[in-house]
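Visitor: Here it is: the structure, laid out below.
Read-outs: derived from the displayed coordinates by stated rules, not from any lab. None of the values given here were measured: they were computed from a predicted structure. Here the Cβ positions follow ideal geometry from the backbone for every residue, glycine too, while neighbour counts run over all protein chains shown.
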Amino acid sequence: MRLSREFRDQFSQRELRTHGRKNGFVTAGQEARLLKWLPVIGLPRDRCLDQTGLPDGAPVVMEIGFGNGDFLVHLARTHPDWLLVGVEIYLPGVAKAVGRLEDAGVIERVRITQLPAQYVLTHQVSEGQLEGVYINHPDPWPKARHHKRRLIQKDFAALLTSRLKPGGFIRLASDKPDLAEWMRDILDATPGLTNVAGPGGFVEREPDRPKTKFEQRGERAGRISQFLHYIRD
């Protein structure tokens, strides 16, 4: 079923322009879970992360573009001390993620937003507030005229860096070599970041890292994912 008008009116944002899919099909059960949980764990446009009831002092880690939520669940299970912030504009993906997080019993340690990452980092996250950020398989926008739509740009990299604590991390993954090199080149040149693999390098896959849907899709097409790891100085 399509998301109901009541739900879309209550939770969908239309004011900020974004690229990519936003709406789609959900089950009645998924919509019911969204209606139950988003008022509790949602990060609406008019509130900062500090105003969402997260406990003080715990590490806050963000995943930008969490898809169906599998990786968020993995992070919550393997790092029980972390508080997680998930950013995703595709509402059916949010619906699946909410269900997975609830079933895993970790949903109360997560805050979810459907706003663009640029807005969230600019207006809702303080400087030095994040312990780390994961960005897994962002949209490659392969056509040259669409490269300006890619998430990692010089200004965005500087903004992202400013929201990290000293010693905080950015971890990225892509199965598209052109995009992986694009992200590496921008982040290598971003003041305040150090490439763990050295300039121009990629790191090995984390041993306990689950294969996301997009990573598996890339493997079926013969593409091997590449991984980047940066630390804020």
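Visitor: What trypsin sites (Lys or Arg not before Pro) does segment 125-233 have in DSSP loop regions with at most 13 other beta carbons within 10 Å?
Guide: Qualifying residues, ordered by number: Lys143.
Visitor: Could you give the length gained by full extension between Glu181 and Arg149, i.e. 0.36 nm per residue of separation minus their alpha carbon distance, to one decimal place? Let's see the in-between values first.
Guide: Numbers: separation 32, 0.36 × 32 = 11.52 nm, distance 1.59 nm.
That works out to 9.9 nm of additional length.
Visitor: Can you return the aspartates and glutamates within cross-link range of Lys36? Criterion is Cα-Cα under 17 Å, with same-chain partners fewer than 8 residues away left out.
Guide: Glu6, Asp9, Glu102, Asp103, Glu108
Visitor: By its C-alpha gyration tensor, with a ≥ b ≥ c as the square roots of the eigenvalues, how is segment 32-96 shaped: rounded for a/c under 1.5, else prolate for a/b larger than b/c, else oblate?
Guide: Because a/c hits 1.5 or more and a/b fails to exceed b/c, segment 32-96 counts as oblate.
Visitor: Please compute the net charge surrounding Pro177, taking Lys and Arg as +1 and Asp and Glu as -1 over other residues with Cβ under 11 Å from its Cβ.
Guide: Values: positive: Lys176, Arg184, Arg223; negative: Asp175, Asp178, Glu181.
So the surrounding residues net to 0.
Visitor: Considering only the other residues whose Cβ falls under 12 Å of the Cβ of Ile186, what net charge follows from Lys and Arg at +1 and Asp and Glu at -1? Kindly include the intermediate steps, with their values, before the conclusion.
Guide: On the way: positive: Arg150, Lys154, Arg184; negative: Asp155, Glu181, Asp185, Asp188.
Charge balance near Ile186 sits at -1.
Visitor: Now for a different question. Taking θ = phi - 60°, what integer Hz values does the Karplus form 6.51 cos²θ - 1.76 cosθ + 1.60 yield along segment 196-205, in sequence order, with x for Gly and Pro?
Guide: Karplus-based 3J(HN,Hα) across segment 196-205 equals 4, 7, x, x, x, x, 10, 8, 6, 4 Hz.
Visitor: Here is a further query. Expected output is a single nm value to one decimal: the length gained when fully extending between Ala28 and Lys211, i.e. 0.36 nm times separation in residues minus the C-alpha distance. What is it?
Guide: Additional length available on full extension: 63.1 nm.
Visitor: Something else now. Ordered by residue, what ³J(HN,Hα) values in Hz, to whole numbers, does segment 161-166 give under the Karplus form 6.51 cos²θ - 1.76 cosθ + 1.60, where θ = phi - 60° and Gly and Pro are x?
Guide: Listing the rounded values in order: 4, 5, 8, 8, 5, x Hz.
Visitor: Can you list residues from other chains, or at least 5 along the same chain, whose modelled amide H is less than 5 Å from the amide H of Thr52?
Guide: For Thr52, no residues qualify.
Visitor: Charges at C-beta only: +1 for Lys and Arg, -1 for Asp and Glu. How large is the resulting dipole of the chain about its Cα centre, in Debye rounded to 20?
Guide: Computed about the Cα centre, the dipole is about 960 debye.
Visitor: Straight-line reach from Lys165: which lysines fall under 26 Å, measuring Cα to Cα and dropping same-chain residues less than 8 apart?
Guide: Straight-distance partners of Lys165: Lys154.
Visitor: Still on this structure, I have one more. Taking square-rooted eigenvalues a ≥ b ≥ c of the alpha carbon gyration tensor, is segment 115-208 rounded, prolate or oblate, where a/c under 1.5 means rounded and, failing that, a/b exceeding b/c means prolate?
Guide: Oblate, since a/c reaches 1.5 and b/c is not below a/b.
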